[in-house]
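The values are calculated or read from the model by the stated rules, or taken from the named source; none is laboratory data. The shown structure was predicted, so the numbers you read here are calculated from the model rather than taken from an experiment. All Cβ positions, even for glycine, are placed from backbone atoms using ideal geometry, and neighbour counts span all protein chains on display. Protein only, heavy atoms only, side chains kept; ligands, DNA and RNA dropped before computing areas. Shrake-Rupley method; radii C 1.70, N 1.55, O 1.52, S 1.80 Å.
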Amino acid sequence: MIDLGCGPGFPITEVLVAEGLSVFGVDAAPSFVAAFRRNLPNIPVACEAAQDSRFFDRTFDAVLAWGLIFLLSPEDQRRLIQRIGGILVSGGRLLFTSPPEPIVWNDAMTGMESRSLGAAEYRSQLSAVGLAVASEYDDEGQNHYYDVLKGAHSGMPGDGERATSE
């Protein structure tokens, strides 16, 4: 799986690795990538923007984008969704967070302007690349999650390919 916007690797990537998953990280912040390398020295990580990443030139069973997508411009959000559609294997999962309503705000963690395209627009963008929202839910911190599945026979690039464990 790949953790987009992995930050320093704690707590999310650490938990995924502890569960025995083969995880790759991507983060645009050099300081976070340096911390990630210190915290999880055996886990591959790239310092690059998720929307421009080569994603290690492979496909994945799962993509995690917790607290990332809404930090991107609307154009970059759409481009990233298209790219995710291409790197997920058939039956693969995407989990990302963004409010269900179209809204603009300043992110509490980064101070950056954040923008949710809204659930209807996310569903439309996902559908265009063979992905479908399986469920949505909120956690106790009021983060809204989209649990997304790539169709078994979507005809999208990456179908039938599996990421191998390293």
Report task. Can you confirm whether the range 38-52 contains a residue that is modelled with pLDDT under 95, assigned to a helix (DSSP H, G or I) and among the acidic types (Asp, Glu)? Result -> yes
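A quick yes/no check of all residues on (1) at pLDDT below 95; (2) open to solvent by less than 80 Å² (accessible area, probe 1.4 Å); (3) in a strand (DSSP E or B):
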{"position": "105", "(1), (2), (3)": "no, yes, yes"}
{"position": "122", "(1), (2), (3)": "no, yes, no"}
{"position": "125", "(1), (2), (3)": "no, yes, no"}
{"position": "141", "(1), (2), (3)": "yes, yes, no"}
{"position": "149", "(1), (2), (3)": "no, yes, yes"}
{"position": "152", "(1), (2), (3)": "yes, yes, no"}
{"position": "166", "(1), (2), (3)": "yes, no, no"}
Query raised in the report: Only one of (1) modelled with pLDDT under 95; (2) touching a Lys or Arg at 6+ places or on another chain (Cβ under 7 Å) fails for residue 90. Which number is that?
Result: (1)
Query raised in the report: When you go through 73, 116 one by one, which is the residue that is surrounded by 21 or more Cβ atoms within 10 Å (Cβ to Cβ) and modelled with pLDDT of 95 or more?
Result: 116
Query - Residue among 50, 18, 46, 34 that is open to solvent by 70 Å² or more (accessible area, probe 1.4 Å) and out of contact with any His (no Cβ under 9 Å at 6 or more places or on another chain) - result: 18
Requested in this report: Of the numbered conditions (1) assigned to a loop (DSSP other than H, G, I, E, B); (2) touching a Pro at 6+ places or on another chain (Cβ under 8 Å); (3) modelled with pLDDT of 95 or more, residue 136 fails exactly one; give the number of that condition.
Outcome: (1)
Report summary line: Over the range 28-37, the set of residues assigned to a helix (DSSP H, G or I) and small (Gly, Ala, Ser) is 31, 34, 35
Query - residue 133 being out of contact with any Gly (no Cβ under 9 Å at 6 or more places or on another chain) and over 30 Å from residue 31 (Cβ atoms) - result: yes
